[in-house]
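Worksheet for the structure shown next.
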Amino acid sequence: MEIIRVQTCSKNELIDITDQVQAAISEIGSQEGLVSVFIQHTTAGVTINENADPDVVRDILSDLARLIPENQSYYRHFEGNSASHLKASLVGISVTIPLVSGRMALGRWQGIYFCEFDGPRTRSVMVNIIPSEPLPRV
Amino acid sequence: MEIIRVQTCSKNELIDITDQVQAAISEIGSQEGLVSVFIQHTTAGVTINENADPDVVRDILSDLARLIPENQSYYRHFEGNSASHLKASLVGISVTIPLVSGRMALGRWQGIYFCEFDGPRTRSVMVNIIPSEPLPRV
Amino acid sequence: MEIIRVQTCSKNELIDITDQVQAAISEIGSQEGLVSVFIQHTTAGVTINENADPDVVRDILSDLARLIPENQSYYRHFEGNSASHLKASLVGISVTIPLVSGRMALGRWQGIYFCEFDGPRTRSVMVNIIPSEPLPRV
């Protein structure tokens, strides 16, 4: 397993971590299987979306803020970040990606984004590979 | 594979099943790999979120009810539970979690929640492990 | 790995691909493990939901259109399909399903849906299996 550190700078922010995930995969060295990108946080997420025009992730953040504003009169959680928790559960806190010939089988326009919903914070991302190639015998 | 039974008591409810999932993993006995928690239902979900303050999941349910009310004039599904179906697809019906040294690599504040969106019902949860350690040769 | 082609006919559309995914699995031939259904697109998704009454997926699409309308004054992405991108990240672009005795462990009412959010287009779906049975030794 490899760990990626991510320093976020805003309350809400999407950060492209594709290159760091691919570097972690190369470090592990597997060639075929399934890549798991998992975070141990409850106010952040991981998603895959367009990496070409930065306005895409900007619009995604604007829409999430419209759908799930920071404050609701019915919120009871004492930390005041319930909106961040719901965003995490809707976007999800992990993605799994096929691994083919040592590289993630991402589409041409796909990037992996760390989704900060309660920053700025120092975060970490776990990268694991479940290999599907024949394993050495025990 | 192990099956966990969950009895829900409300129409909408989040139930912490972390201990039951870990017990199922210990029963299976694998040490390294990926844990799949999957449900065979279409009006329920599985998510990972904060397990410390119960107001977090309460606020999540309140927000989901605001975003996706039970009734819409345009709903056509005869069972009247279309809101439950959408919640299931947005939250998701499975999670995958890295398995390290026989335990799920959950963060300190992370719990696995069964999300009932059309209860009360008797539900079941499937726990599978895809091992990444060397397997016995055939 | 197997690739499924999907021709969509509308801007927004859910298409049941369960039989095609099962056929791809049979082609691969594994019996036990985890099935990954992954798409390389950023304006489409994959979800599991009810396959009995077609009004369920119709109501899901109506609700998504209400929550995330096609146009917002704050959208900046020049292609004008930011709503499609957010739907993709909320629904998710992959599902993982336990494989038992060569078949997906789907519930009686569960179908796998390709979710077109920016059609009509010709799309593709990747089907991979991570086997959990003992593998041949190297």
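The values are calculated or read from the model by the stated rules, or taken from the named source; none is laboratory data. These numbers come from a predicted model, not from an experiment. Cβ coordinates were reconstructed from backbone atoms using ideal geometry, including for glycine residues, and neighbour counts include every protein chain displayed. We work out accessible area using only protein heavy atoms, side chains counted, and drop any ligands, DNA or RNA first. Shrake-Rupley method; radii C 1.70, N 1.55, O 1.52, S 1.80 Å.
Overview of results
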read-out	value
Accessible area per residue, Å², the protein assembly as shown with all protein chains present, probe 1.4 Å	38 Å²
Chain B: relative contact order in percent, alpha carbon pairs under 8 Å with at least 6 residues between	52 percent
Approximate spin-label separation B:Glu27-A:Glu2, in nm, with each point projected 7 Å along Cα-to-Cβ	3.6 nm
Chain pair C, A: total accessible area buried, heavy atoms, 1.4 Å probe, Å²	2900 Å²
Using a 7 Å Cα-to-Cβ projection, A:Arg58 label spacings across copies, nm, ascending	4.0, 4.0
Principal-axis tilt of helix A:82-91 within chain A, Cα atoms, nearest 10 degrees	30 degrees
Nearest-ten-degree value, helix C:55-67 long axis tilted from longest Cα axis of chain C	50 degrees
Per-copy distances of the C:Ser124 label point, shortest first, in nm (7 angstrom along Cα→Cβ)	3.8, 3.8
For chain C, size of Cβ-based charge dipole, Lys and Arg +1, Asp and Glu -1, in debye	320 debye
Label distances, nm, B:Ser101 versus same residue in remaining copies, Cβ-directed 7 Å point	3.8, 3.8
Rounded to 10°, Cα long-axis angle of helix A:18-28 versus longest principal axis of chain A	40 degrees
